[in-house]
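The values are calculated or read from the model by the stated rules, or taken from the named source; none is laboratory data. Remember, it's a predicted structure, so these values are computed and weren't measured experimentally. Don't worry about glycine lacking a Cβ; one is built from the backbone with ideal geometry, like all the others, and counts go over all protein chains shown. Keep in mind that these areas ignore ligands, DNA and RNA; they rest on the heavy atoms of the full protein, side chains included. Shrake-Rupley method; radii C 1.70, N 1.55, O 1.52, S 1.80 Å.
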Amino acid sequence: MSRFSPYWLWLVLALPAIGMTYDLATSTDPKIYHILVHPTGEFAARFMIIAMLASPLILLFKSAAFPRWLKKNRRYFGVAAFAYAAAHTAFYLIDKASLDTVITELPRLYIWTGWVAFVIFIPLAVTSTDYFVRVMGPRWKTLQRWTYPAAVLTLVHWASLHDWDNPAAALVHFGPLAALEAYRVWYWYIRPRQRLHAT
C-alpha cells in the first residue's frame, strides 16, 4: 500500500472525533458531555475489536490481503481506541463534575470494570511505537496480551450498563471477536491434541 496510507487511515479513524468535536463546540445542550460519553466509549470498543481481529483473521484467511494489512496497521487502531477511551473517561468525569460522585459510583460493576480496562490501556498505548517494540523485544508481546483481559472488562463494562437492561449491543459487537478467538484457540491448542489422539 502507499506510504501515505497511514495518514489517510488516521483521517478515517479521526472522523468520529471530528463530528463529536463539532457537536461539542456548537451544542447549547447542557448535557452535551453526558451525551458524548456513550459514543466515545463505543468507538473505543469498536477500534479495539478491529485491532484484535487481525491475528484470527489471518489464521482463517491465510492468503487474503486485508487481514495482513490489518495486522500491519493494528497499532493505529489500538492507539485510536485508547484516544476514544480517554475522551470517554474525560467526558464522564466532566459530566459527573464531582469527585465524591465518582468515588461513590466506583464500586458499581459497570464503573470499576471500565476504570480497570482504561488503566490497562495506558501502558499498551504508551508502548505502541516502534521504539518500544525494539527496546522491549519479547516483553512487548507479553505486555500486549493484556489487551485480552482489557477486552473482557470492556465487554462487561458495556453490557452491564443500566443493570444489564440491554446488553445486546455489546454482545453483537464482541460476538465476532469471541467467535474468531474461539477458532484460534481450537486451531492452536485443541486441534493438535485431537490429531495426536487420532494417531
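Observations
- Hits in the stretch 156-171 (condition: open to solvent by less than 40 Å² (accessible area, probe 1.4 Å) and of a type in the set (S, T, N, Q)): SER160
- Total residues in the stretch 55-111, condition within 29 Å of ASP165 (Cβ to Cβ) and out of contact with any Pro (no Cβ under 8 Å at 6 or more places or on another chain): 31
- The stretch 1-28 - residue that is at pLDDT below 95 and over 24 Å from ILE49 (Cβ atoms) and, of those, least open to solvent (accessible area, probe 1.4 Å): SER2
- The stretch 13-33, residues that are in a helix (DSSP H, G or I) and over 19 Å from PHE82 (Cα atoms): TYR22, ASP23, LEU24, ALA25, THR26, ILE32
- Within the stretch 124-169, being hydroxyl-bearing (Ser, Thr, Tyr) and under 15 Å from the mean Cα position of the chain (by Cα) holds for SER128, THR147, TYR148, THR154.
- Tally, over the stretch 114-155, of residues that are surrounded by 14 or more Cβ atoms within 10 Å (Cβ to Cβ), closer than 20 Å to PHE174 by Cβ and not hydrophobic (A, V, I, L, M, F, W, C): 4
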